[in-house]
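*Asks:* Provided herewith is a single structure, encoded as structure tokens, for subsequent inquiry.
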Amino acid sequence: MHEVLKKISSIGIVPVIRIEDVSKAADLGKALCDGGIPCAEITFRAAGADQAIKAMSEALPEMLIGAGTVLTTEQVDRAVAAGAKFIVSPGLNPKVVRYCVEKGIPITPGCVNPSDIEQAIELGLEVVKFFPAEPAGGVKMIKAMAAPYSMMKFIPTGGINANNLNDYLSFDKIIACGGSWMVNEALIKEGKFDEITKLARQAVQQMLGFELIHVGVNCADRDEAGAAADRYAKLFGFEKKVGNSSTFAGTVIEAMHGAGLGKMGHIGLRTNYLERAVSYLENMGVEFIEESKKYNAKGGLQVIYLKEEIGGFAVHLVQK
């Protein structure tokens, strides 16, 4: 998969933007980045789309900005010249796709049926847009189409919002979802960038779904850990379970058989998508302990620790 598409996958959400006032492009991009979504697809349905791409790209070079509703090779050239890193089209136009492929520009054309998918495969694509997602059958349709085309992945767009976002992202053939609910045209026109940041942040939190799973308490040794777990079990009716390096009281208290990471202990948080959570936190300047990484049987990241301690506690993230 192209590196740009891998980056889109790590972000998980692609805001689809129609912007009329180019002067608002930089502020809009900043609002999205502040909300945890350093990505945007600026549609050519609005005049001056290439100028908006240029303004946003120059103001926020760290953002991943693409062009949407691209219908011609001339629009491809204008978009790329303005700074677009990827191209999105509503349908599969072989001429436009070949043009992008020959130039090494990642493109995700709209596909809604097996014939479209087979054309995309013939043209050398690994990822396509599924549009319009909800009217075309939603995630059930994508799952049905994906079955015979195991190599193909999808970015659905159209009718996706905060309520159904994870219905789509939970299917492993979907690398990201496009949507406009956090970049409503009225909010852009009125310059309500704080509200856009709030909606973007809500979308990210909805996607990642951070939840507390347990608190690890550092104890001097196995005996002290056992005594602590016994006390929690007696007082609160938790079940005691002894492990190799810790003793659990229920599922939320982990008494360590010796000092582990963190001055006081550690806090475990789980998330819907661990690799996306890592990307999101790295964009906020968070660093991770590389040697703390653990992987599941399929090679997916399962556990990772943050470098910093918070309130004397180390923090680790776990894939749900």
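*Asks:* I need the Debye-formula profile for region 94-163: one equal scatterer per C-alpha, no solvent, reported as log10 I(q)/I(0) at q = 0.12, 0.17, 0.18 1/Å, two decimals.
*Replies:* -0.30, -0.59, -0.65
*Asks:* Compute the separation of the alpha-carbon centres of region 283-319 and region 89-150 and state it in Å as a whole number.
*Replies:* Taking the Cα centre of region 89-150 as reference, the centre of region 283-319 is 35 Å away.
*Asks:* Return the aspartates and glutamates within reach of Lys192: Cα separation strictly under 12 angstrom, same-chain partners fewer than 8 residues apart disregarded; answer none if there are no such residues.
*Replies:* Lys192 reaches Asp27.
*Asks:* Right, here's the next one. Could you sort 54-60, 38-44 so that the peptide with the highest average Cβ count within 10 Å comes first and the rest follow in order?
*Replies:* 38-44, 54-60
*Asks:* Take the chain, connect every pair of alpha-carbon atoms lying under 10 Å apart with a spring to form a Gaussian network, then pick out the residue of Lys192, Lys173, Lys298 with the largest mean-square fluctuation.
*Replies:* Of Lys192, Lys173, Lys298, the most mobile in the Gaussian network model is Lys298.
*Asks:* A follow-up question, please. Treat every Asp and Glu Cβ in region 109-225 as -1 and every Lys and Arg Cβ as +1, leave all other atoms uncharged, and give the resulting dipole magnitude about the Cα centre to the nearest 20 debye.
*Replies:* That gives a dipole near 320 debye.
*Asks:* Name the residue from Gly91, Val4, Ala67 whose Cα lies farthest towards the positive end of the charge dipole of region 1-103, charges +1 on Cβ of Lys and Arg and -1 on Cβ of Asp and Glu.
*Replies:* Projecting each Cα onto the dipole axis, the largest value belongs to Gly91.
*Asks:* Just the number, please: percent antiparallel of the DSSP beta bridges in the chain, rounded to the nearest 5.
*Replies:* Around 40 percent of the beta bridges assigned by DSSP in the chain are antiparallel ones.
*Asks:* Given Cα pairs under 8 Å that are at least 6 residues apart, what percent is the relative contact order of the chain?
*Replies:* Across the chain, relative contact order equals 14 percent.
*Asks:* Could you please tell me the mean projected area of the C-alpha convex hull for region 254-320, averaged over all directions and given in square nanometres to one decimal?
*Replies:* 5.0 nm²
*Asks:* A follow-up question, please. Of the listed pairs Lys30/Lys140; Lys85/Lys153; Lys7/Lys263, which have alpha-carbon separations greater than 28 Å here?
*Replies:* Exceeds cut-off: Lys30/Lys140; Lys7/Lys263.
*Asks:* Principal axis lengths of the chain from Cα atoms, whole Å, largest first?
*Replies:* Its Cα atoms span 73, 45, 32 Å along the three principal axes.
*Asks:* Can you tell me the dipole magnitude for the chain around its Cα centre, using point charges on the Cβ only (Lys, Arg +1; Asp, Glu -1), in Debye to the nearest 20?
*Replies:* In total the dipole reaches around 520 debye.
*Asks:* A follow-up question, please. If you add up the charges near Ala49, with Lys and Arg at +1 and Asp and Glu at -1, over every other residue whose beta carbon is less than 11 angstrom from its beta carbon, what do you get?
*Replies:* Here the count lands on +1.
*Asks:* Sequence-distant or interchain residues sharing an amide H contact under 5 Å with Asn164, placed H: which?
*Replies:* Here nothing satisfies the definition.
We did not get these values from a lab; they are worked out from the coordinates using the rules stated. None of these values were measured; they are calculated from a predicted model. Positions of Cβ are backbone-derived with ideal geometry, glycine not excepted, and every protein chain shown enters the neighbour counts.
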